1. List the pairs whose first member sits in the stretch 11-32 and is within 15 Å of Leu73 (Cβ to Cβ), whose second member is in a helix (DSSP H, G or I), and whose Cβ atoms are under 6 Å apart, counting only residues at least 6 apart or on separate chains?
2. List the number of the failed condition for Thr68; all other conditions in (1) without any contact (Cβ under 8 Å) to a residue 40 or more places away in the chain; (2) among the hydroxyl-bearing types (Ser, Thr, Tyr); (3) not in a helix (DSSP H, G or I) hold.
3. Out of Asp35, Asp45, Asp76, Asp19, which single residue is part of a loop (DSSP other than H, G, I, E, B) and either surrounded by fewer than 19 Cβ atoms within 10 Å (Cβ to Cβ) or hydroxyl-bearing (Ser, Thr, Tyr) (or both)?
4. If I go through the stretch 87-98 residue by residue, how many of them are open to solvent by 50 Å² or more (accessible area, probe 1.4 Å) and either part of a loop (DSSP other than H, G, I, E, B) or within 26 Å of Phe120 (Cβ to Cβ) (or both)?
5. Specify which of the listed residues (Pro134, Pro84) is part of a loop (DSSP other than H, G, I, E, B), farther than 18 Å from Arg33 by Cα and at pLDDT 90 or above.
6. Would you call Val109 hydrophobic (A, V, I, L, M, F, W, C) and either in contact with a Ser or Thr (Cβ under 8 Å, 6 or more places away or on another chain) or in contact (Cβ under 8 Å) with a residue 24 or more places away in the chain (or both)?
7. Taking the criterion of being open to solvent by 40 Å² or more (accessible area, probe 1.4 Å), acidic (Asp, Glu), within 16 Å of His105 (Cβ to Cβ) and assigned to a loop (DSSP other than H, G, I, E, B), would at least one residue in the stretch 48-60 satisfy it?
Amino acid sequence: WHDADGCGYDLLQMISDADRVGDVGIVAAPVPRRDPQNTQFMVYDRFPHHMDQKLYDGQLVECETVATALCALNLDFIKRYLTPPWFSFEWRGTSFTSEDVLFCHKVRVAGGKVMVDGRFRAKHLQRPEILTGPALVLGT
């Protein structure tokens, strides 16, 4: 979720600027961790090493891995170079690698770029609102 008033325009700007870079598989806004004790932005230059925020503040830059809470995927790139499932977890013993990290890795292995747009900030929804009411059925 992005706090700015012009969220739709901001996302379009993020996509447009990343498209000019070329070979971008994903572009995302920095998002802080959900942990109240560690709210560092989940942008990495060498996972699990966080990228210095000064390197991306106010600009669009390449990174190794970025959280996907507010992102845009280049479907042309993904459909051409990646095989499903695009997002998946990987378990190793008692630990796992998140879908964000694995997706960014797949993009880079395929020759694509992972970008973070530091002009914007996203946030995780801690307690999403549960919508109630009549069910919406699409297609019959």
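1. Val24/Ala18; Gly25/Phe77; Gly25/Val107; Ile26/Val107; Val27/Met14; Val27/Ala18
2. Failing condition for Thr68: (1).
3. Numbers: Asp45 fails: part of a loop (DSSP other than H, G, I, E, B); Asp76 fails: part of a loop (DSSP other than H, G, I, E, B); Asp19 fails: part of a loop (DSSP other than H, G, I, E, B).
Answer to the selection: Asp35.
4. Of the residues in that region, 4 qualify.
5. Numbers: Pro134 fails: at pLDDT 90 or above.
Every option except Pro84 fails the conditions.
6. Details: hydrophobic (A, V, I, L, M, F, W, C): yes; either in contact with a Ser or Thr (Cβ under 8 Å, 6 or more places away or on another chain) or in contact (Cβ under 8 Å) with a residue 24 or more places away in the chain (or both): no.
For Val109, the condition - hydrophobic (A, V, I, L, M, F, W, C) and either in contact with a Ser or Thr (Cβ under 8 Å, 6 or more places away or on another chain) or in contact (Cβ under 8 Å) with a residue 24 or more places away in the chain (or both) - is not met.
7. no
The values are calculated or read from the model by the stated rules, or taken from the named source; none is laboratory data. Please read these numbers as outputs of a predicted model, since none were measured by experiment. Please note: Cβ atoms are built from the backbone with ideal geometry, for glycine as well, and neighbour counts cover all protein chains shown. Just the protein is used for accessible areas: all its heavy atoms, side chains included, with ligands, DNA and RNA removed. Shrake-Rupley method; radii C 1.70, N 1.55, O 1.52, S 1.80 Å.
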